[in-house]
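This report refers to the structure that appears directly beneath it.
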Amino acid sequence: MSAELKTCPFCGAAPESERTPFSRLFRIVCPKCEIEMHRVTKESAVAAWNARAEATQ
Ligand SMILES: [Zn+2]
C-alpha cells in the first residue's frame, strides 16, 4: 500500500514530511503556508493530509 502525499490544499506546494525526534510523531508541513499536521504514524498523517486536500478542492 503506497501512501502518496497530495499537494497543499491552500497553495499547491509540495509538502514536506518527517518524523519529529522529540515528540516521535510523524509531521507533514507545507513550506509555504506552514500548515502542519501531526499523527502518530506516517500512514495516518498522510491519510489526514490527503483528506484535507480533498475536502478543500
Ligand atoms: Zn501550502
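Magnitude of the Cβ-charge dipole of the chain, K/R +1 and D/E -1, about the Cα centre, nearest 20 debye?
It works out to roughly 140 debye.
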Dimensionless Rg ratio for the chain, taking C-alpha atoms and the 2.2 N^0.38 Å reference: 1.04
What number, in percent, do you get for the relative contact order of the range 16-55 if the mean sequence gap of Cα pairs under 8 Å and at least 6 apart is divided by its residue count? 29
Filtered GluC sites (Glu not before Pro), the chain: DSSP coil and at most 14 other beta carbons within 10 Å: GLU4, GLU34
Quick one: which residues, 5+ away or cross-chain, put their amide H under 5 Å from the amide H of ALA13? H built at 1.01 Å from N. CYS8
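Can you give the calculated 222 nm mean residue ellipticity of the chain, where each DSSP H run of n ≥ 4 adds -39,500 (n - 2.57) and the sum is split over every residue, rounded to the nearest 500 deg cm²/dmol?
When only DSSP H runs of four or more count, the value is -8000 deg cm²/dmol.
None of the figures in this text is laboratory data; all of them are computed from the coordinates on show. As the structure is a prediction and not an experimental result, all values here were calculated from the model. We place every Cβ from the backbone using ideal geometry, glycine too, and count neighbours over all the protein chains shown.
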